[in-house]
Amino acid sequence: MSVNLKSMTLPELSAVLKELGQPGFRAKQVYTWLHKGVRTYEQMTNLPQTLRAQLAERYPICAPNVVRKQESQKDGTIKYLWRLSDGNCVETVLMRYHYGNTVCISTEVGCRMGCAFCASTLGGLVRKLEPFEMLDQVLFTQVDSGLPISHIVLMGIGEPLDNFDNVMRFLELVNSPEGMNISMRHISLSTCGLVPKIRELAKKKLQLTLSVSLHAPKDEIRNTIMPVNKAYNTEELLQACRDYYEETGRRISFEYAMINGVNDTEADARLLLKRLKGLPAHMNLIPLNHVEESPLKPSTRAAVMRFQQILEEGGVPATVRRTLGGDIDASCGQLRRKYNKENQQ
Ligand code: SAH
């Protein structure tokens, strides 16, 4: 992919504009416009016409187009299916929480992690997203919905730590004061457990929330639903989580999709408690979202409540995630999958 100005940091953009003979203050103007989600240089009204034309010729602005937009009648959740400039599609979900509007963005087109319960991985990995393509999901969701975005979760299609450098750059962009200025504390990054990358992330000491998709208390179970566990087992993963906490001081948030008859017994909850001992954690229990292609089914309400109770009594705060947008295929990968199937891609 050619150089894209929207993937550049302000100092990098400054170098480009200097090269074009522009005064120092121009870079910030262009950067601010790009981070507002403009579609053309013509919208950059405080730039000289010649510069607008020059930039348009050398650095065309890429912007995603809405292919489908579904709005939940129940809770106002909006799901977007975007078409990227190369024709690939990704999903973004806008959720309206009491603390602020949150976007769930995709980090890759498809995914190569192969989790048994996940729709995003069914067609494998197509490609990684560029930094600007992650930024665009935030920008254009805000522009299209007219709702100010204050929080971001990297929990859409893809494995963020499998696209490490681009994700790090995206975080820098979206966090920048001249751009969207979204605080790291308002950002969560979710991983299926790529241990070396968790360690690399720890070194950066970012104030974001690391979410780890655990989904099982032991290898015997995790191996059957998450192939990544064969590369980095639960022992290694939990040790990396402990070290992450030591290094960053940030409590880890765990995700646990509750699957009927697979990982939802009382014994599983007790074992989980034992294994998390001494690790400041928060457990998000998510009743499995049923994916058409998979035989796995969600746990019963009673099993979920009992699981939560055992964790809470053992001192691990556990919340049952409210499922937003259940009426609009809002869990990862489902809308893209449906669309691709309908269009035989
Ligand atoms: N690849 C990253 C982030 C993307 S998925 C990760 O694995 O963490 C975001 C979360 O949704 C993960 O916890 C993932 O395991 C979970 N998830 C995927 N499919 C699901 C489903 N059908 N029901 C419930 N949770 C699901």
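With the cut-off at under 19 Å, measuring from each backbone N in the range 276-291 to a point 7 Å along the Cα-to-Cβ line of R251 picks out 276-286. Per residue, the range 237-330 exposes 47 Å² of solvent-accessible protein surface, assessed with a 1.4 angstrom probe and all protein chains in place. Kirkwood's formula applied to the C-alpha pairs of the range 65-342 gives a hydrodynamic radius of 18.9 angstrom. Computed over the chain with a Gaussian network model linking Cα atoms closer than 10 Å, the most mobile of L34, L276, L135 is L276.
The modelled label-to-label distance for the pair A302/K204, using points 7 Å beyond Cα in the direction of Cβ, is 4.5 nm. Rolling a 1.4 angstrom probe over the protein heavy atoms with all chains in place gives the range 51-149 an accessible area of 39 Å² per residue. Given their separation in residues at 0.36 nm each and the Cα-Cα distance between them, R39 and V66 gain 8.4 nm when the chain is fully extended.
Please report how far the C-alpha centroid of the range 108-159 lies from that of the range 268-325, rounded to the nearest whole angstrom. Rounded to whole Å, the Cα centres lie 24 Å apart.
Over all Cα atoms in the range 5-58, the spread is summed up by Rg and Dmax: 10.0, 25 Å.
For the chain, the share of accessible area belonging to carbon and sulfur comes to 49 percent (1.4 Å probe, ligands and nucleic acids excluded).
Compared with the alpha-carbon gap, the fully stretched path from L271 to M184 is longer by 28.1 nm at 0.36 nm per residue. Once the chain from E235 to T50 is taken as fully extended at 0.36 nm per residue, the excess over their C-alpha distance is 60.6 nm. Peptide packing for 103-111, 200-208 was compared via the average number of neighbouring C-beta atoms within 10 Å per residue; ordered from the highest value, the list is 103-111, 200-208.
The values are calculated or read from the model by the stated rules, or taken from the named source; none is laboratory data. It should be emphasised that the depicted structure is a prediction, and the values quoted were computed from it without experimental measurement. Cβ coordinates were reconstructed from backbone atoms using ideal geometry, including for glycine residues, and neighbour counts include every protein chain displayed. Accessible surface areas use protein heavy atoms only, side chains included; no ligands, DNA or RNA. Shrake-Rupley method; radii C 1.70, N 1.55, O 1.52, S 1.80 Å.
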